[in-house]
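Notes to accompany the following structure.
Since every read-out is calculated from the coordinates, none of them should be taken as a lab result. These numbers were taken from a predicted model, which means no experiment stands behind them. All Cβ positions, glycine included, derive from the backbone under ideal geometry; neighbour counts span all protein chains shown.
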Amino acid sequence: MTNNRQAALSMAKLARLGQTQSEASQADQLAQDFDRIVSYMAILNELDTTNIEPMYSPMVDPLGPRDDEPRPSQPQKSEAILGQAPETVGRFFSVPRIF
Amino acid sequence: MTDLWRLDLAQATKGLKKRDFSVTELVSSCLARLKATEPIIDATLAVFEEEALKTAKELDQRGYDPSQELWGLPLTIKDVFCLNDGPTTAGSKELANYQSVFEATVVQRLRRAGAIFLAKTNCDEFAMGSSTEFSAFKPTRNPWDPTRIPGGSSGGAAASVVAGQAPGAFGTDTGGSIRQPAGLCGCVGLKPSYGRVSRYGIVAYASSFDQAGPLAMTVSDCARLLTVVAGPDDRDSTVSRIPTSDYLNLKIPKPADLVLGLPKELWPEDLPAGLAAVLKEAKKLLTEAGVKFIEVDLPNLRYAVASYYILASAEASSNLARYDGIRYGFREPKEDLVEQYAQTRAEGLGPEARRRVLLGTFVLSSGYYEAYFRKAAQVRRLIAQDIARALSQCHCLFAPVASRSAWPLGAFIDDPLTVYQMDLMTLPLNLYGGPGLCLSAGLDPDRLPVGAQLWGRPFDEMGVLGAGALLESLWPPLERPKIVS
């Protein structure tokens with residue numbers, strides 16, 4: 001598997017990837033917990049999983065795809081949907097300028 | 001009649017049908033009970049008093065409708081189900097002021113059946129936790145001892161039912177979040193098979209594990225609630241086409257016809273003595289009635305916690321990516337977009353949600369995907385095969401729902417790995433996808449409920465509910481805790 005210390009050292013990178021920066025006061029504790037948890041995950045190395053098909057879902061016999069037919073959207077709700085946004089401009093969501 | 005809140009769902013319907021009392025009287029009794037108990041247990045996040053009384057009055061005016069299975073019955077619902085006339089926070093600051101514009105299929109089906117929602121119940125943030133201490137708003141307290149946790153993540157739902165705030169509730173179970181709080185609070189909780197109940201409109205945590213289900217005071221009440229919500233929904237393609245059963249018509253086996261498997265990995269020798277004694281006595285009652293027990297092996301169970309937390313965290317990190325402060329939810333305004341994302345999520349997500357996002361991001365990241373995520377999915381296959389093999393030798397597996405009774409608030413709040421490991425008793429079933437039922441085996445010496453659970457084959461809810469009803473009939477009924485004088 002992987003070098004756990006290395007994993008812990010890359011916490012800053014992970015936080016950037018996951019967009020979940022923590023307060024400096026919490027960062028050390030988070031890193032320690034993360035290190036312990038990832039170290040524990042190494043238990044899976046004990047198992048030989050060669051040729052085992054991964055199981056990503058327990059789904060059995062799901063509903064098939066629907067017919068590709070147009071369905072009415074809910075235009076009457078667009079105001080309510082926009083009303084949930086922290087900031088809007090006219091009929092649009094507003095974000096900080098990126099260029 | 002001042003104690004209508006004590007009625008279970010079946011008793012309430014009987015009384016409503018005979019006009020012994022009105023829907024308004026029933027709802028008023030539950031609301032009064034809610035107001036009296038809430039300062040002690042903190043089970044709810046929003047109460048719909050006015051709306052509930054209005055609906056009750058309308059139903060009273062229209063009169064009993066036998067076509068509505070839950071006519072006039074008050075329920076509470078975990079705050080991860082979207083309602084279009086109330087808040088949906090998922091226990092998170094991210095959604096503190098969120099008002100959904102659509103409703104969960106479960107909610108729609110319950111409303112159509114005549115149920116009345118009294119309150120949204122508290123939960124760990126985004127259903128990530130097993131104590132309800134990770135709610136961004138407040139911890140919920142156990143009705144048997146308010147210094148202790150109610151379990152989680154559906155801790156508010158379980159506490160509300162046991163406290164008599166409503167005769168039934170809905171929760172979700174991703175790694176045990178219905179069964180474990182039902183066990184720690186002393187009610188019945190059913191996790192249906194993955195794919196039995198639509199997940200549409202439920203705030204997602206881990207999409208290949210999440211499943212909605214009922215909590216109530218009796219097995220037949222849970223069966224009744226399942227009847228209303230089970231079955232295909234064209235808004236959730238993961239719901240199975242396998243036909244639902246007539247869950248109301250429970251087939252209770254004769255004791256001598258029931259074979260229960262005991263996975264030795266779920267009966268550790270170091271169970272606390274008080275808890276072990278209750279389970280031993282419960283097993284003795286079943287044996288004396290003629291139930292047969294066999295030992296079964298789940299050889300890969302010791303890998304279940306690692307497999308689950310890798311997979312569930314990976315799914316969580318993907319699902320929680322939507323909380324970016326743009327279209328809805330909390331925003332920490334910044335000049336720069338990327339900085340805004342980061343600050344919004346840093347401020348809006350609590351410690352456990354952040355931990356799981358980081359873990360999920362890690363196991364999905366380049367260089368680690370094969371070693372962690374794919375490996376965990378392969379191990380999931382092995383564990384599912386173990387459970388299927390064990391269930392081929394018996395009707396249901398039988399085990400404690402938790403390795404300890406409700407613990408004091410704060411006892412493990414700084415020890416996430418230990419809490420993850422405590423989920424070993426419940427989460428393997430979510431890896432497998434079968435149904436599970438938790439019911440009370442009795443009280444331990446500290447007068448805290450001890451839960452036992454049954455695991456069944458996928459879509460054999462009938463088998464699990466039937467066996468559960470038999471156990472319920474053979475065990476002494478659990479009294480309600482005295483919360484207020």
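Miscellaneous remarks
- The HN-Hα couplings worked out from phi for segment B:328-339 by the Karplus form 6.51 cos²θ - 1.76 cosθ + 1.60 (θ = phi - 60°) are 6, x, 5, 9, 9, x, 9, 6, 9, 4, 5, 5 Hz, whole numbers, x standing for Gly and Pro.
- For segment B:118-178 versus segment B:377-413, the gap between their alpha-carbon centres in whole angstrom: 20 Å
- Segment A:4-46 - convex hull of the alpha-carbon atoms, volume per residue in Å³: 66 Å³
- Taking amide H positions as modeled 1.01 Å from N, with prolines and chain starts lacking one, the residues under 5 Å from B:ALA46 and 5 or more places away or on another chain are B:LYS120.
- Label positions at A:GLU69 and B:LYS251, each projected 7 Å from the Cα along the C-beta direction, are separated by 3.6 nm.
- For segment B:389-404, Karplus couplings with θ = phi - 60° (6.51, -1.76, 1.60), whole Hz, Gly/Pro x: 5, 5, 6, 6, 9, 7, 7, 9, 8, 10, 7, x, 8, 8, 8, 7
- With one equal scatterer per alpha carbon and no solvent term, the Debye-computed log10 I(q)/I(0) for the protein assembly as shown at 0.09 1/Å reads -0.66.
- Calculated log₁₀ intensity ratio I(q)/I(0) where the Debye formula runs over C-alpha points of segment B:275-328, q = 0.25, 0.29 Å⁻¹: -0.96, -1.04
- DSSP-defined beta bridges in the protein assembly as shown - what % are antiparallel, rounded to 5: 70 percent
- Ordering B:MET422, B:MET462 by the number of other Cβ atoms within 10 Å of each residue's own Cβ, fewest first, gives B:MET462, B:MET422.
- Listed values for segment B:177-182 are Karplus-derived 3J(HN,Hα) couplings in whole Hz (6.51 cos²θ - 1.76 cosθ + 1.60, θ = phi - 60°), namely 6, 9, 5, 5, x, 4, and x replaces Gly and Pro.
- Segment B:307-353 versus segment B:453-485: alpha-carbon centroid distance in Å: 38 Å
- Within segment B:414-433: backbone nitrogen closer than 16 Å to the B:ARG389 label point (7 Å, Cα to C-beta): B:432
- Remark: spin-label model distance B:THR287-B:ARG447 equals 3.0 nm, labels positioned 7 Å along the Cα→Cβ axis.
- Expected-Rg normalisation [2.2 N^0.38 Å, Cα atoms] applied to segment B:383-465: 1.22
- Between A:ARG91 and A:GLU46, the contour length at 0.36 nm per residue exceeds the alpha carbon distance by 10.7 nm.
- B:SER22, B:SER92 arranged by Cβ crowding within 10 Å, fewest neighbours leading: B:SER22, B:SER92
- FRET efficiency for A:ALA27 and B:GLN421, using Cβ-Cβ distance with R0 set to 25 Å, rounded to 0.05: 0.55
- Gyration tensor analysis over the Cα atoms of chain B returns equivalent ellipsoid semi-axes of 31, 29, 21 Å (largest first, whole Å).
- Two-decimal Rg to Rh for segment B:223-299 - Kirkwood Rh, Cα set: 1.12
- Sorting B:LYS35, B:LYS78 from the fewest to the most surrounding beta carbons within 10 angstrom yields B:LYS35, B:LYS78.
- Relative contact order of chain B, pairs being alpha-carbon contacts under 8 Å that are 6 or more residues apart, as %: 18 percent
- Solution diffusion estimate, µm²/s, Stokes-Einstein, segment B:116-189, Kirkwood Rh from C-alpha pairs, 25 °C, viscosity 0.890 mPa s: 215 µm²/s
- Once exposed loop GluC sites (Glu not before Pro) are cut out (DSSP; at most 15 other Cβ, 10 Å), longest piece of chain B: B:1-268
- Normalised radius of gyration (Cα atoms, divided by 2.2 N^0.38 Å) for segment B:425-474: 1.25.
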